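*Asks:* This is the structure, below, for whatever I ask next.
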């Protein structure tokens, strides 16, 4: 039995637009679906006929071949595409465009509304770079130049992968679809094209510089602005500075992860800085002043209250780190460490023994502690 004209099957005129073809297919597919016509034995055959017609007319290359040669374009091998991709009931092909409109491309990147060769442009990979900065640089902010090994578009072939600037050709196996289909009973199984590996294109004469990859390895120098207030774990994103995309795809991003080096004087907790300052025994006992450094390179004179003990803290407002996204400055917390004198002379020992003999109420914490110890022991003997 001779095949019906594809346009007649869909109920449209020759020269119909892609939107008109798709709309007509939807209408016919709903009307003739076997599940809705269980009492009509001809429904399944008519439904397959509609699918076949749409599968050929939705593709610009197949449609052009059909308009010129009719069914002979596919039955006689006159350039309409691989015979393995035609036939009755190609449901994956027929429904895929409809599903793409409704749900997006969930089958792996087809697009373009039914064109012939479909280039599989792939986004380049994201890159990570670990950058160490000093605490001073984190305080002020700094601009650094980094060298990043990455893949860039081949300048010899402009990223096409083809020698002499020629364009890649449509894969003859999948007709540019990037996928091939095999009929298994009522269903169609779709898999990645083994010839082009899903690219939809092949390079017959590969570029000698990049060997057909379209990209070359190269080190790039980038200037990076490190804002004030960064801390270990801060991530800076440089859009489009990652690896170059494949076949004209967009470049990936470069992510810079900050690590702040440990400082010899300051310890950081969030926006606050902590500094341990040694204080002499006499200065702590009598009171005095001590000069402390600040992260901005300056100095601050801090009063030491008389009777200061190890661990006593003093706070310098707004002498800490800046907040990364605004919000003012942190504080600098100074912690006193009272030093016990060593390498005493004979005279110093005599003076300390004399002081000890006269010191009855000079050690309030010690007196309180030993009083508690005495009470504890007394309680144990009762």
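The values are calculated or read from the model by the stated rules, or taken from the named source; none is laboratory data. Note that the coordinates shown come from a computational prediction; the quantities given were computed from them, not determined experimentally. Cβ sites come from the backbone with ideal geometry, for glycine too, and all protein chains shown count toward neighbours.
*Asks:* Of everything in region 299-327 that's out of contact with any strand residue (DSSP E or B) (no Cβ under 8 Å at 6 or more places or on another chain) and surrounded by fewer than 14 Cβ atoms within 10 Å (Cβ to Cβ), which residue is farthest from residue 283 (Cα to Cα)? Break it down stepwise before answering.
*Replies:* The initial filter retains those residues of region 299-327 that are out of contact with any strand residue (DSSP E or B) (no Cβ under 8 Å at 6 or more places or on another chain), namely 305-307, 317, 324-327.
Narrowing further to those that are surrounded by fewer than 14 Cβ atoms within 10 Å (Cβ to Cβ): 305-307, 317, 325-327.
Numbers: 305: 9, 306: 8, 307: 9, 317: 23, 325: 41, 326: 39, 327: 37 Å.
The qualifying residue farthest from residue 283 (Cα to Cα) is 325.
Conditions (1) assigned by TED's automatic domain parsing to the domain that holds residue 214; (2) at pLDDT below 95, marked per residue:
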residue	(1), (2)
249	yes, yes
276	no, no
284	no, yes
300	no, yes
323	no, yes
333	no, no
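*Asks:* Quick check on region 21-31. Is at least one of its residues assigned to a loop (DSSP other than H, G, I, E, B), surrounded by 13 or more Cβ atoms within 10 Å (Cβ to Cβ) and assigned by TED's automatic domain parsing to the domain that holds residue 55?
*Replies:* Taking region 21-31 and keeping what is assigned to a loop (DSSP other than H, G, I, E, B), we get none.
No, region 21-31 has no match at all.
*Asks:* I'd like the full set of residues that are surrounded by 11 or more Cβ atoms within 10 Å (Cβ to Cβ) and closer than 30 Å to residue 272 by Cβ, limited to region 335-360.
*Replies:* Hits for region 335-360 are 335, 336, 337, 338, 339.
*Asks:* From the list 121, 156, which residue is touching a helix residue (DSSP H, G or I) at 6+ places or on another chain (Cβ under 9 Å) and either crowded, with 18+ Cβ neighbours inside 10 Å or modelled with pLDDT under 90 (or both)?
*Replies:* On the way: 121 fails: touching a helix residue (DSSP H, G or I) at 6+ places or on another chain (Cβ under 9 Å).
After applying the criteria, what remains is 156.
*Asks:* Another question, then. Within region 47-94, track down each residue that is at pLDDT below 50 and crowded, with 20+ Cβ neighbours inside 10 Å.
*Replies:* Going through region 47-94, the residues at pLDDT below 50 turn out to be 76-94.
The answer is 80, 81, 85, 89, 90, 93, 94.
*Asks:* Specify the residue that is farthest from residue 124 (Cα to Cα); the eligible residues are those in region 216-234 that are buried (at least 19 other Cβ atoms within 10 Å of the Cβ) and under 21 Å from the mean Cα position of the chain (by Cα).
*Replies:* 230
*Asks:* Moving to a separate point now. Cβ-Cβ under 9 Å, sequence separation 6+ or interchain: first residue in region 251-269 and without any contact (Cβ under 8 Å) to a residue 12 or more places away in the chain, partner surrounded by 14 or more Cβ atoms within 10 Å (Cβ to Cβ) and in a loop (DSSP other than H, G, I, E, B). Which pairs?
*Replies:* 269/330
*Asks:* Regarding residue 290, is this residue surrounded by 11 or more Cβ atoms within 10 Å (Cβ to Cβ) and over 16 Å from residue 332 (Cα atoms)?
*Replies:* On the way: surrounded by 11 or more Cβ atoms within 10 Å (Cβ to Cβ): yes; over 16 Å from residue 332 (Cα atoms): no.
No; evaluated as a whole, the condition is false for this residue.
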